[in-house]
Amino acid sequence: MSSEYFRPSSIQEATRILEAQGKQAKVLAGGTDLVVLYRAGKVRPASVVSLNAIPGLNQLELTNKGLHLGALVTHQALLTTPEVVGRYSALADSARQFAGIQIRNLGTVGGNLCHASPSADMAPPLLVLNARAEIAGPKGTRVVELDQFFLGPNQTVLQPGEILAGLEVPAPGPASASIYLKQAVRGAMEIAMVGVAVGLSMANGRCREARIALGAVAPTPFRAREAEGLLKGQELTPELMIRAAEAAAREARPISDVRCSAEYRREMVKVFTRRALEQALRRARGGR
Ligand SMILES: Cc1cc2nc3c(=O)[nH]c(=O)nc-3n(C[C@H](O)[C@H](O)[C@H](O)COP(=O)(O)OP(=O)(O)OC[C@H]3O[C@@H](n4cnc5c(N)ncnc54)[C@H](O)[C@@H]3O)c2cc1C
């Protein structure tokens, strides 16, 4: 069975087609997840709705308020935008560790989030940067905090007829920094066994706010809020960072799979959270 192909030229047209086609329709962005599944016979949508002819969806905009990412912004575009590398570093860290150049040029940030793999490399950085998802549907647009976006493996809050149109990322305050570390045997060429992002903002030598997000160690990427709570308002001593890393490991709900065991993942959350905190602190103090 072949799929019917649509190439709408506006968001409104896309959502109308998706609503009319119902659950049997699939959105196509870069195709680096969808086409792989299609070729493997794991998905056979009755219709495919490409977003690639919609003007503006691949735009990245920087304003005083922050960063706006259209859903079709590619991983490579993040990496080649100096302001992203400088101010939204966790996003650039993730893009740098994301597959090879071909996939980085095709794969989109929106596709990575909508595929909703527990190990999606863009999710932890966007979670610590407090991103909000702009969702367009037949009845208009709604905005959802990214930490409410994921419901389970390959499941999001998107309803039939809706697409992820873009992401709003607020500008980080002064003395802030973010970082993403990925644990994978073959580095960028492999899916994360563990992914840890940290966002820190400092004031008067103390931690004003800390955000920690974990990937690949639970059914969805998530914020480790108990660990974050230990750091807020405190001086970030090595001992405190170890305690926060241990708390993050307790919050993880990893599984054992072909890549590694649940025990190993939990241990790596501890190691990578501590490292990410140390490195984010260095960045917040002006180092790289
Ligand atoms: C060789 C290889 C290496 C990879 N390496 C990594 C890696 O290191 N890290 C990682 O996290 N992933 C990796 N991936 C997975 C994939 O490349 C990413 O998830 C990518 O960002 C998906 O984006 P896409 O635009 O290609 O999505 P698509 O394949 O076009 O779509 C993915 C899913 O999201 C839906 N979708 C896409 N865009 C939207 C939208 N705007 N609104 C609603 N639904 C939408 C589609 O219907 C589909 O279900 C890899 C894949 C391959 C083939």
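A few comments on the model shown:
- Residue under evaluation residue 64, criteria (1) within 12 Å of the ligand (Cβ to nearest atom); (2) surrounded by fewer than 16 Cβ atoms within 10 Å (Cβ to Cβ), criterion not met: (1)
- Put simply, of 212, 135 the only residue that is surrounded by 15 or more Cβ atoms within 10 Å (Cβ to Cβ), out of contact with any Gly (no Cβ under 7 Å at 6 or more places or on another chain) and under 23 Å from residue 32 (Cβ atoms) is 135.
- Flag if residue 161 is of a type outside the set (Val, Ile, Thr), within 12 Å of the ligand (Cβ to nearest atom) and not assigned by TED's automatic domain parsing to the domain that holds residue 88: no
- Residue list for segment 251-266, filter: basic (Lys, Arg) and in a loop (DSSP other than H, G, I, E, B): 253, 259
- Among the residues listed as 208, 274, 223, 259, the single one being in contact with a Ser or Thr (Cβ under 6 Å, 6 or more places away or on another chain) and either more than 17 Å from residue 182 (Cα to Cα) or not small (Gly, Ala, Ser) (or both): 208
- Scope segment 142-179; condition assigned to a helix (DSSP H, G or I) and surrounded by 14 or more Cβ atoms within 10 Å (Cβ to Cβ); matching residues: 146, 147
- Evaluation of residue 95 against (1) crowded, with 18+ Cβ neighbours inside 10 Å; (2) in contact with a Ser or Thr (Cβ under 8 Å, 6 or more places away or on another chain); (3) of a type in the set (A, V, I, L, M, F, W, C) (one fails), failing number: (2)
- Taking each residue of segment 53-64 that is basic (Lys, Arg) and looking for partners that are assigned to a loop (DSSP other than H, G, I, E, B) and loosely packed, with under 15 Cβ neighbours inside 10 Å with beta-carbon atoms closer than 6 Å, six or more apart or interchain, yields nothing.
- You will find that of 235, 239, 246, the residue that is out of contact with any Lys or Arg (no Cβ under 8 Å at 6 or more places or on another chain) and either over 19 Å from residue 127 (Cβ atoms) or among the hydrophobic types (A, V, I, L, M, F, W, C) (or both) is 239 and no other.
- Single condition residue 89 does not satisfy, out of (1) surrounded by fewer than 22 Cβ atoms within 10 Å (Cβ to Cβ); (2) more than 8 Å from the ligand (Cβ to nearest atom): (1)
- Filtered residues of segment 1-14 (kept if surrounded by 19 or more Cβ atoms within 10 Å (Cβ to Cβ) and either at pLDDT below 95 or among the small types (Gly, Ala, Ser) (or both)): 14
- Here segment 15-37 is the region considered, the condition is being near the ligand (Cβ under 9 Å from one of its atoms) and assigned to a helix (DSSP H, G or I), and the residue that is surrounded by the most Cβ atoms within 10 Å (Cβ to Cβ) is 18.
The values are calculated or read from the model by the stated rules, or taken from the named source; none is laboratory data. All of these numbers come straight from a predicted model, not from anything done at the bench. All Cβ positions, glycine included, derive from the backbone under ideal geometry; neighbour counts span all protein chains shown.
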